[in-house]
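This report refers to the structure that appears directly beneath it.
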Amino acid sequence: MPPAPASDPPLLRAQHLGRKVREKVIVEDISFELRSGETLGILGPSGSGKSSLLRLLNRLDEPTSGTVFLEGRDYRDIAPAELRRRVGLVMQRPYLFPGAVAGNVRFGPEQRGEKMSSEAISALLSQTGLPQYAARDVAKLSGGEAQRVSIARALANSPVVLLLDEPTSSLDDASKNGIELLIRTIVSQTRLGCVLVTHDRAQADRMTSRILHMDGGRVLGEGQSC
């Protein structure tokens, strides 16, 4: 995936970001920038701090040092609910609410008092490869379909940055390939900034333009994907 032009202002900028719990260092002194239309890979073994870093980027966990700037604004000045709308998160395993797909997709806008039309839901489900799925019970979805609903639910909030925490690790190869293609298409079409956490170097090469290599809570190096 080609890198975003360096002249673009960053959508998101982490500045000396860190988190310590008691005396244990979880994430230490991480700085990077993410631009529109760019997918940044965070690569490392289990326990390296990848997911912990992701949780700091939308304040699911609070940093104990440093901060993050979203479109030039210190994210400590943004209400947490608004921040998490604009910096969406898709987890490794889709956590969907019981009931219909449509109810999951409209959840975020409803929390802000906004009604999402049936047409808008259908358009978003078509974009994520699930046409005619609005009335489908989430209990009857495959793993790949459930992850697509998770992505649609995040996109319903109109984020500017999308955080992806090992989004294909629990899927079979066919579903994995479909989700990878979907993410690449969405980033290309919407010019979102995307941060992808993975332990799979081949996936990072396919999906990202730059890779941060993590271990022990620190970034050990940065490189271009193949």
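The values are calculated or read from the model by the stated rules, or taken from the named source; none is laboratory data. Remember, it's a predicted structure, so these values are computed and weren't measured experimentally. Virtual Cβ from ideal backbone geometry, glycine too; neighbours counted across all protein chains shown. To get the accessible areas, we keep the full protein, side chains included, count just its heavy atoms, and leave off ligands, DNA and RNA. Shrake-Rupley method; radii C 1.70, N 1.55, O 1.52, S 1.80 Å.
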With runs of 4+ DSSP H residues as the only contributors, calculate the mean residue ellipticity of the chain at 222 nm using -39,500 (n - 2.57) per run, divided by the residue total and rounded to the nearest 500. -9000 deg cm²/dmol
Taking every DSSP bridge whose two residues both lie in the chain, the antiparallel percent to the nearest 5 is 55
Pairwise label distance in nanometres, R22 with D77, each label 7 Å out on the Cα-Cβ vector: 3.7
What is the list of residues in the range 133-165 whose amide nitrogen lies under 19 Å from a point 7 angstrom out from the Cα of A174, following Cα to Cβ? 133, 140-149
Taking the alpha-carbon distance from K20 and a cut-off under 26 Å, which lysines remain once sequence neighbours fewer than 8 residues away in the same chain are dropped? K50
Inter-label distance for L60 and S126, nm, one decimal - labels placed 7 Å from Cα along Cα-to-Cβ: 3.2
In whole Hz, with x marking every Gly and Pro, tabulate ³J(HN,Hα) for the range 72-81 from phi via Karplus 6.51 cos²θ - 1.76 cosθ + 1.60, θ = phi - 60°. x, 10, 4, 6, 6, 8, 10, 4, x, 5
Mind checking the full-extension length gain between M91 and S188? Use 0.36 nm per residue of separation minus the Cα-Cα distance, one decimal, nm. 32.8 nm
Quick one: net charge around R210, please, counting Lys, Arg +1 and Asp, Glu -1 for every other residue with C-beta under 12 Å from its C-beta. -3
Give me the net charge for the shell around F69: Cβ to Cβ below 12 angstrom, other residues only, Lys and Arg +1, Asp and Glu -1. -1
Amide H neighbours of T64 under 5 Å, at least 5 residues apart or on other chains, H built in the peptide plane: list them. G18, R19, K20
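Based on the Cβ-Cβ distance of M116 and S31, what FRET efficiency does E = 1/(1 + (r/R0)^6) give at R0 = 35 Å, to the nearest 0.05? If you can, show how the numbers build up before the last one.
Numbers: r = 37 Å, r/R0 = 1.05.
Once the sixth-power term is evaluated, E becomes 0.45.
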How large is ³J(HN,Hα), in whole Hz, for each residue of the range 22-31 in order, when computed from phi with the Karplus curve 6.51 cos²θ - 1.76 cosθ + 1.60 and θ = phi - 60°, using x for Gly and Pro? 6, 9, 8, 7, 9, 9, 9, 6, 10, 10
Karplus couplings for the range 115-131 from phi (6.51 cos²θ - 1.76 cosθ + 1.60, θ = phi - 60°), rounded to Hz, Gly and Pro as x? 8, 9, 5, 4, 5, 5, 5, 4, 5, 5, 5, 5, 4, 9, x, 10, x
Please calculate the 1.4 Å probe accessible area of D200, with all protein chains present, and give it to the nearest 10 Å². 40
What figure, in Å² to the nearest 10, do you get for the accessible area of K20 with a 1.4 Å probe and non-protein molecules left out? 100
